[in-house]
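Below you'll find the structure, written out as structure tokens, and then a few comments.
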Amino acid sequence: MKKNDFGPIPGSTILNAVSGHKAIVMAANVRIASVAQGIFRAAKDTDSAVFMELARSECDLKGGYTGLTPQDFSKRMNEAAQAIGFDAWALHADHITIKKGDAGEVDSTKQLIDAQIAAGYTSFAIDASHLFNFEGKNVQDELDPNIRITSDLAHYIKKGMNGREYGLEVEVGEIGRKDGSGLVLTKPEEAVTFIRALNENDVFPHVLAIANGSTHGHVYDANGNVVEQLSIDIPQTKAIAKALRDNKLKVGIAQHGITGTPRDLINLHFPKGDIIKGNVGTFWQDVVFSTLKVYEPSLYKSIQDWTLEKYRPANPGKSDRQIFDGNCKMAIKEFFKDLYSLEEGTEHAIQSMAYAESLVFFRAFGAYGSASLVRKSLK
């Protein structure tokens with residue numbers, strides 16, 4: 001790490017440094033960049049390493065639903081880190097998602113990866129979990145489409161990084177997928193088979209995202225009210241981590257879908273050290289919109305009205321609250337100019353709220369002091 005260089009460092013450096021410690025590194029999906037300085041300031045004050053990330057759906061060559069291209073996102077995160085003077089962070093491409101696996105989709109994915117590498121990303125998450133052979137005769141057969149595409153893209157990233165270190169995340173078990181019995185959970189055998197096959201293909205990820213009962217975004221009751229997310233299966237997560245260790249497969253767990261999970265539960269019950277990366281996304285969007293309600297109510301109402309008008313027809317029977325919560329992310333790009341020209345007081349409030357909430361997340365994750373572990377590993 002160069003002196004006074006506040007650019008992103010390899011995700012591998014951060015994840016390797018916390019490995020073996022009871023700590024989870026927070027990965028913040030910063031859909032609206034206003035929260036970034038608050039998160040970085042809390043990271044600096046608590047000496048906590050952090051990932052700043054956006055998924056393919058949020059940030060692609062056309063701006064995704066946030067209006068940010070990889071270059072735009074990189075620029076804004078670098079500027080925020082430099083403004084605060086924080087050095088222990090990675091720029092992560094979350095959910096580089098493949099849903100069909102055909103040649104056209106793979107080619108467009110490689111174009112996105114090229115742009116992410118050119119923008120200075122230092123960590124990548126390949127998500128081919130949607131590719132599953134339901135007619136497979138065994139676990140290996142079932143996972144083969146995922147293994148094949150993940151290996152191809154991982155080798156492509158390695159070639160593009162041209163010797164530079166980077167973090168790599170992969171995914172087995174589609175997060176939030178349901179069948180007739182409820183959420184479909186990743187089995188230990190699936191995780192072991194998947195990582196072993198990737199290793200045999202010369203792909204060595206640092207973290208593995210699993211389906212363990214979480215869902216992205218909010219969870220609702222039968223009346224459409226937001227409720228706490230209590231569905232994450234801790235024993236299953238521990239069993240997967242143990243199976244990976246028992247098979248001498250060196251990979252940590254990435255926990256997705258943390259928004260809505262009580263932070264006291266995270267603090268007391270999450271298996272820190274098994275889980276080493278924790279994604280927090282919708283939460284930061286909520287920080288911005290809840291602040292707008294008070295500081296710029298007319299803008300908030302415009303966003304609310306646009307969202308309800310556009311998405312109510314496709315969501316019959318759902319409450320306005322549920323429709324708005326589930327679709328307001330699509331308004332970010334529509335109101336991009338407004339959201340990036342907020343009043344100074346609004347910006348200050350957003351940053352302050354992001355700061356305070358980050359303090360609590362970093363504490364719940366056991367992340368205090370993790371930035372020093374990262375710096376020590378670089379000496």
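The values are calculated or read from the model by the stated rules, or taken from the named source; none is laboratory data. Since the model is a prediction, treat every value here as computed from it, not as a measurement. Cβ coordinates were reconstructed from backbone atoms using ideal geometry, including for glycine residues, and neighbour counts include every protein chain displayed. Accessible surface areas use protein heavy atoms only, side chains included; no ligands, DNA or RNA. Shrake-Rupley method; radii C 1.70, N 1.55, O 1.52, S 1.80 Å.
Here Lys62 passes the criteria (1) under 26 Å from Asn16 (Cβ atoms); (2) open to solvent by 20 Å² or more (accessible area, probe 1.4 Å) except the one numbered (1).
At least 3 residues that are farther than 21 Å from Ala49 by Cα in each: list the helices (runs of 4 or more DSSP H) lying fully within the range 254-331 that qualify.
It comes to 282-295, 297-311, 320-327.
Condition check: out of contact with any Leu (no Cβ under 6 Å at 6 or more places or on another chain), within 30 Å of Leu208 (Cα to Cα) and open to solvent by 10 Å² or more (accessible area, probe 1.4 Å). Does Gly326 satisfy that? For Gly326, the condition - out of contact with any Leu (no Cβ under 6 Å at 6 or more places or on another chain), within 30 Å of Leu208 (Cα to Cα) and open to solvent by 10 Å² or more (accessible area, probe 1.4 Å) - is met. Check whether at least one residue in the range 219-228 is crowded, with 16+ Cβ neighbours inside 10 Å, at pLDDT below 95 and within 17 Å of Ala27 (Cβ to Cβ), and report yes or no. No, there is no match, as no residue in the range 219-228 is crowded, with 16+ Cβ neighbours inside 10 Å, at pLDDT below 95 and within 17 Å of Ala27 (Cβ to Cβ).
Taking (1) within 26 Å of Lys44 (Cβ to Cβ); (2) hydroxyl-bearing (Ser, Thr, Tyr); (3) without any contact (Cβ under 8 Å) to a residue 60 or more places away in the chain in turn, Ser341 satisfies each apart from (1).
Among the residues of the range 236-281, those that are in contact with a strand residue (DSSP E or B) (Cβ under 8 Å, 6 or more places away or on another chain) and among the polar types (S, T, N, Q) comprise Thr237, Gln255, Thr259, Asn279. Every condition in (1) surrounded by fewer than 19 Cβ atoms within 10 Å (Cβ to Cβ); (2) assigned to a helix (DSSP H, G or I) holds for Lys250 except the one numbered (2).
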